[in-house]
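Participant: The structure under discussion is supplied below as structure tokens; questions concerning it will follow.
The numbers here are math on the coordinates, done by the rules we state, and not lab data. A quick note: this is a predicted structure, and the numbers were derived from the prediction, not measured. No Cβ is skipped: glycine too gets one built from the backbone with ideal geometry, and neighbour counts run over all protein chains shown.
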Amino acid sequence: MAYFKNIEISNFRNFKEFNLDFSKKCNVFYGSNGCGKTNLLEAISLFSKGRGLRKDKIFNFIKKNEEFFSNDANFIDENVEYELNAFSEVKNNKFQKKNKLNGEISSEVNNKIQSLITFLIYIPENERLFIASPTTRRNLFDHFIFSYSPRYNSLLNVYKKNIIERNIILNNNVTDQNWLEKIEENIAKSGIEIYEQRIKQSDIFEKNLELINEYLAIPFKVNIQINDSFFNSRITLDEYKYTLEKNREIDQIIGGTKTGPHKSDTIFYIDQNYPASQLSTGQQKTLVLLLYFAQCNYLVNYCKKKPILLLDEINSHLDDFNIQLLLKIVEHFEIQVFMTGTKRDLFSFLSTNTNFYNISSK
Ligand SMILES: Nc1ncnc2c1ncn2[C@@H]1O[C@H](COP(=O)(O)OP(=O)(O)O)[C@@H](O)[C@H]1O
Ligand SMILES: [Mg+2]
């Protein structure tokens with residue numbers, strides 16, 4: 001099992017100094033709006049690489065009128081205890097977030113932290129997954145892919161960097177053809193890889209949804225399709241490069257790159273061809289919870305990872321079936337879970353292995 005034993009917060013968001021010991025199974029933060037529940041999940045999420053649950057600016061993490069934040073935690077994996085530290089630092093007038101493991105800081109340490117901690121995060125926006133903008137769906141896919149493939153973030157960054165670079169070149173009418181060709185080749189290469197990873201993630205969803213049927217009768221047969229005519233033409237590297245070249249003029253006019261995985265969408269269908277967006281709000285919630293269950297199944301049973309679940313405001317639209325489903329996610333796997341909600345009794349279905357924390361009374 002891998003779990004956070006405790007957290008010690010200092011000058012982070014609305015918290016001056018704040019400590020908590022955790023259950024290695026299930027932890028619920030409850031209290032009125034604005035008491036700091038999401039901030040706590042965010043503090044936990046920052047012990048690994050990146051800008052955490054809300055992807056906010058580092059400056060915003062620091063408590064108002066303070067200079068830096070510094071949060072500590074003890075993390076246990078395979079009975080070995082690690083000291084984690086996440087803190088802010090100013091370099092060249094820019095705020096950065098840094099991570100330490102056992103007091104050390106380096107790129108190897110960052111890799112070690114990434115192999116040690118896997119987060120699976122549910123944000124309230126995910127409830128509207130099937131009716132929200134394509135960005136929400138792309139973000140969920142990217143987050144899930146990242147959970148088993150840490151280098152996926154570098155791939156996304158390479159892709160984004162080259163897209164930005166191409167836009168700048170097109171805007172400035174630069175005529176260095178070789179440079180532009182090189183950038184477009186980088187876009188095509190990384191773009192195809194991103195598409196491939198997203199296809200793989202769709203397969204993981206479909207396959208693991210069938211597998212978990214063994215533990216809980218699933219009301220839907222889910223089928224996922226990439227909605228992207230550019231990609232669906234099974235584009236090769238040369239065709240991709242050719243398309244970018246052909247689109248230079250139009251892309252210059254619209255001020256962006258009109259094709260590629262940053263524009264792609266995914267559509268979820270149930271029972272062959274019924275779009276998930278047509279289901280009731282509660283049924284959509286069921287499907288979202290199923291996706292998290294399926295992903296946990298893949299991470300735990302196939303990747304041998306032990307994800308930490310951060311579920312923010314998970315408890316709306318919980319009918320009996322969704323409660324059973326959430327319980328399965330929490331209890332079926334040997335994983336640590338953190339949940340938030342406004343009232344304690346919203347979580348009365350949880351069993352004895354749960355710690356409840358009233359955050360308002362801190
Ligand atoms: N840098 C900061 N300094 C002080 N307070 C902050 C900072 N960032 C956010 N807050 C405050 O933290 C409070 C709690 O936020 P949040 O954790 O989102 O609440 P909730 O318990 O509803 O999830 C908000 O009132 C917000 O204004
Ligand atoms: Mg909140």
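Participant: Rounded, prolate or oblate, given the Cα gyration tensor of the stretch 10-117, with a/c below 1.5 counting as rounded?
Facilitator: Judged from the Cα gyration tensor, the stretch 10-117 comes out oblate (a/c at least 1.5, b/c at or above a/b).
Participant: Oh, and also: Would you tally the net charge around Glu193, using a Cβ to Cβ cut-off of less than 12 Å, leaving Glu193 out, and scoring K and R as +1, D and E as -1?
Facilitator: On the way: positive: Arg151, Lys189, Arg198, Lys200; negative: Glu196.
Net charge around Glu193: +3.
Participant: Just name one of Ile123, Phe347, Ile9: the one whose Cα is farthest towards the positive end of the charge dipole of the chain (beta-carbon charges, Lys/Arg +1, Asp/Glu -1).
Facilitator: Value: Ile9.
Participant: Here is a follow-up. Cα to Cα, under 16 Å, and not fewer than 8 places away if on the same chain: which aspartates and glutamates meet these conditions relative to Lys55?
Facilitator: Once the sequence-local aspartates and glutamates are set aside, what remains near Lys55 is Glu42, Glu125, Asp142, Asp312.
Participant: Placing unit charges on C-beta atoms (Lys and Arg positive, Asp and Glu negative, everything else neutral), compute the dipole magnitude of the stretch 257-351 about its Cα centre in debye, rounded to 20. Let's see the in-between values first.
Facilitator: On the way: 9 positive and 9 negative charges, 83 e Å.
For this selection, approximately 400 debye.
Participant: If you wrap a convex hull around the Cα atoms of the stretch 129-303, how much volume per residue is inside, in Å³?
Facilitator: 114 Å³
Participant: Related question: Among Leu101, Leu289, Ile187, whose Cα projects farthest towards the positive end of the dipole of the chain, with charges put on the beta-carbon of Lys, Arg (+1) and Asp, Glu (-1)?
Facilitator: Result: Leu101, furthest along the dipole toward the positive end.
Participant: Pick out, in residue order, every one of the GluC sites (Glu not before Pro) in the stretch 72-154 that is DSSP loop and has at most 11 other C-beta atoms within 10 Å; say none if there are none.
Facilitator: Here the sparse-neighbourhood loop sites are Glu78.
Participant: Can you tell me, using C-alpha contacts under 8 Å and at least 6 residues apart, the relative contact order of the stretch 129-303 as a whole percent?
Facilitator: 33 percent
Participant: Hey, another quick one. Nearest 10 degrees, 0 to 90: what angle lies between the long axis of helix 107-116 and the longest principal axis of the chain (Cα atoms)?
Facilitator: The helix 107-116 is inclined about 60 degrees to the chain.
Participant: Can you list which of the GluC sites (Glu not before Pro) found in the stretch 201-249 are DSSP loop residues with at most 10 other C-beta atoms within 10 Å?
Facilitator: Glu214
Participant: With the Cα gyration tensor of the stretch 265-348 giving a ≥ b ≥ c as the square roots of its eigenvalues, does the rule (a/c under 1.5 for rounded; else a/b larger than b/c for prolate; else oblate) give rounded, prolate or oblate?
Facilitator: Oblate, because a/c is 1.5 or more while a/b does not exceed b/c.
Participant: For the stretch 95-212, list log₁₀ I(q)/I(0) at each q in 0.16 Å⁻¹, using the Debye formula over Cα point scatterers of equal strength and ignoring solvent, two decimals each.
Facilitator: -0.99
Participant: To test your reading of the geometry: what angle, between 0 and 90 degrees and rounded to tens, separates the Cα axis of helix 177-212 from the longest principal axis of the chain?
Facilitator: Compared with the principal axis, the helix lies near 40 degrees.
Participant: Going highest first, how would you order 173-184, 136-147, 276-287 by mean Cβ packing within 10 Å?
Facilitator: Going by the mean number of other Cβ atoms within 10 Å, highest first, we get 136-147, 276-287, 173-184.
Participant: Would you please give the FRET efficiency between Asn355 and Ile254, computed as 1/(1 + (r/R0)^6) with r the Cβ-Cβ distance and R0 = 56 Å, to the nearest 0.05?
Facilitator: In this case the efficiency is close to 0.60.
Participant: Let me ask another. If all Cα-Cα distances of the chain are sorted into 10 Å bins from 0 onward, what percent lands in each bin, rounded to whole numbers?
Facilitator: Spelled out per bin, shortest first, that is 5, 22, 29, 26, 14, 4, 0.
Participant: I need the calculated FRET efficiency for the pair Ser149 and Ser277, taking r as the beta carbon distance and R₀ as 25 Å, to the nearest 0.05.
Facilitator: Values: r = 28 Å, r/R0 = 1.12.
Efficiency, from the Cβ-Cβ distance: 0.35.
Participant: Which GluC sites (Glu not before Pro) does the stretch 276-362 hold that lie in a coil by DSSP with at most 12 other beta carbons within 10 Å?
Facilitator: Filter output for the stretch 276-362: Glu334.
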